[in-house]
Amino acid sequence: MRLLRLMIVWCCLLPGLALSQTPAVAPAPQAPPATSAAKPACGPDHAILYKRAVKLLDTAEKKLSAQYTAEAKGLVKEANSLFTILVKECGPSQKDRELTEAETQQEANNNKLRDEAMAQVDRLEKSYEEKMKKGQELEAKGQDDQAAQMYRQAKADSERAHLLAIKAEIYALRNQQMIFRFLAR
């Protein structure tokens, strides 16, 4: 309780003290030093982020193939946030760079695999909804065994769709990995 009172005093009184000590006429703001404008866009910190993101993607693929879907999803989410940082901070410098023929082919392949996976996800989601509806109808008719079978099939479709959605995201992030590969050098 005493600490809370101290924090309240600190937060409430100190800003007032700072205001009372400021001169009546504030000095003109100074221009930032010229060296901050020449700051390199991508540095060694970005290389560390890139390597961490690639390692996360590799681990996510291994977890996904071992059926640890929740862990894989978390790893992909973390890799995505790291690549998002790289896109924001290093992306503008990469817009001028031309992709090599191999990179262009790899990007097209990854996009194709991602699109196929997402199309399959859409089909599985529709199948899930149909099977759930059919299961409810069977349950209403009193055919509990058949309804339970429909629910199991629906659950399997849902799990497969979830797995494929994660796989599609990995394909998309592999394109980011390829674009920022220069950071690994």
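Evaluated against (1) at pLDDT below 90; (2) part of a helix (DSSP H, G or I); (3) exposed (fewer than 14 other Cβ atoms within 10 Å of the Cβ); (4) not aliphatic (A, V, I, L, M), R52 falls short on exactly one condition, (1).
Let's see how each residue does on (1) farther than 30 Å from A184 by Cα; (2) modelled with pLDDT under 50; (3) assigned to a helix (DSSP H, G or I):
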{"position": "L14", "(1), (2), (3)": "yes, yes, yes"}
{"position": "P32", "(1), (2), (3)": "yes, yes, no"}
{"position": "H46", "(1), (2), (3)": "no, no, yes"}
{"position": "V76", "(1), (2), (3)": "no, no, yes"}
{"position": "I85", "(1), (2), (3)": "no, no, yes"}
{"position": "E89", "(1), (2), (3)": "no, no, yes"}
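Right, S127: surrounded by fewer than 19 Cβ atoms within 10 Å (Cβ to Cβ) and within 30 Å of I48 (Cα to Cα) or not? No, not satisfied. Among (1) free of Cβ contacts under 8 Å to residues at least 40 places away in the same chain; (2) under 19 Å from the mean Cα position of the chain (by Cα); (3) under 15 Å from L183 (Cα atoms), where does F83 come up short? Every listed condition holds for F83 apart from (1).
Report yes if D144 is exposed (fewer than 12 other Cβ atoms within 10 Å of the Cβ) and of a type outside the set (S, T, Y), otherwise no. Taking the combined requirement at face value, the residue satisfies it. Would you check if A117 is without any contact (Cβ under 8 Å) to a residue 60 or more places away in the chain and loosely packed, with under 14 Cβ neighbours inside 10 Å? For A117, the condition - without any contact (Cβ under 8 Å) to a residue 60 or more places away in the chain and loosely packed, with under 14 Cβ neighbours inside 10 Å - is not met. Taking (1) modelled with pLDDT of 95 or more; (2) not in a helix (DSSP H, G or I) in turn, E125 satisfies each apart from (2). Note on segment 88-112: residues that are of a type in the set (S, T, N, Q) and surrounded by 13 or more Cβ atoms within 10 Å (Cβ to Cβ) total 5.
The values are calculated or read from the model by the stated rules, or taken from the named source; none is laboratory data. Quick caveat: nothing in here was measured; it's all calculated off a predicted structure. Cβ coordinates were reconstructed from backbone atoms using ideal geometry, including for glycine residues, and neighbour counts include every protein chain displayed.
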